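The values are calculated or read from the model by the stated rules, or taken from the named source; none is laboratory data. All of these numbers come straight from a predicted model, not from anything done at the bench. Positions of Cβ are generated from backbone atoms using ideal geometry, with glycine treated the same way; all protein chains shown enter the neighbour counts. Ligands, DNA and RNA are excluded from the accessible area calculation, which covers all protein heavy atoms including side chains. Shrake-Rupley method; radii C 1.70, N 1.55, O 1.52, S 1.80 Å.
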Amino acid sequence: VQLQASGGGLVQAGGSLRLSCAASGRTFSSYAIGWFRQAPGKEREFVATINWSGGTTYYADSVKGRFTISRDNAKNTVYLQMNSLKPEDTAVYYCASTLRGRAEVPESSYGYWGQGTLVTVSS
C-alpha cells in the first residue's frame, strides 16, 4: 500500500482544514488507516484512526470533538476534517496503514506510512 497525504496549509486559529490520504493498491478497503502528527521538537503522536469499514473510530483526547476521520473506500481515500484549530495543532501530519482491518492506536501497529503534510495554525 502506498499512501499520500495532502491538504495541509496555513490557517488561523479557529479555522478548518481537511486532510486527505490517498492510497494505491486494490486492498485498501481491507486496512485500518490512522493519522499521526509530529510537532517541532516533539515525538510523533497518535491523532485518529478508522477501521476498514469506517464503522469504528478512535481519537486522541486532544482532538476529540474537533477532528473527524472518515473514509471513502470507492475513492481509496481517508479524510481528516479538522475544525476549531489551535496553534498547538501545528505539526506535520502523517497517514499510515495497518495490515489488518481493525483500528489500532499504537504506532507500532502501522506498517505503511505516507509522506507528511504540514499544518500551521497561527494565533
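Residue by residue, what Karplus-based ³J(HN,Hα) values in Hz, rounded to whole numbers, does segment 9-20 have, using 6.51, -1.76 and 1.60 with θ = phi - 60° and x for Gly and Pro?
Computed from phi, the couplings for segment 9-20 are x, 9, 9, 7, 3, x, x, 9, 9, 10, 8, 10 Hz.
Of all DSSP beta bridges located in segment 1-117, what percent are antiparallel, nearest 5?
Bridges in segment 1-117 are about 95 percent antiparallel.
Heavy-atom accessible area per residue, segment 1-98, 1.4 Å probe: how many Å²?
48
Which one of Gly111, Gly54, Gly101 has the biggest mean-square fluctuation once the chain is modelled by GNM with Cα springs under 10 Å?
Result: Gly111 has the largest fluctuation of those listed.
Quick one: ranking Ser109, Ser16 by accessible area, 1.4 Å probe, largest first, what do you get?
Solvent-accessible surface, decreasing: Ser16, Ser109.
Along the charge dipole of segment 18-123, pointing to its positive end and built from +1/-1 on Cβ of Lys, Arg, Asp and Glu, which listed residue (Ala60, Leu19, Val105) has its Cα farthest out?
Farthest towards the positive pole: Leu19.
Using a 10 angstrom cutoff on alpha carbons, build the Gaussian network for the chain and name the most mobile of Ala103, Ala48, Ala13.
Maximum fluctuation in the GNM of the chain, among the listed residues, is at Ala13.
Viscosity 0.692 mPa s, temperature 37 °C: what is the translational diffusion coefficient of the chain from Stokes-Einstein with a Kirkwood Rh over Cα pairs, rounded to a whole number of µm²/s?
Roughly 234 µm²/s, to the nearest whole number.
Taking the Cα centre of the chain as origin, work out the dipole magnitude from +1 charges on Lys and Arg Cβ and -1 charges on Asp and Glu Cβ, in debye rounded to 20.
It comes to approximately 260 debye.
Which whole-angstrom value gives the distance between the alpha carbon centres of segment 53-123 and segment 1-36?
That distance is 7 Å.
Could you work out what % of the accessible surface of segment 18-71 is carbon and sulfur, using a 1.4 angstrom probe and leaving DNA, RNA and ligands out of the count?
For segment 18-71, the apolar C and S fraction of the accessible surface comes to 44 percent.
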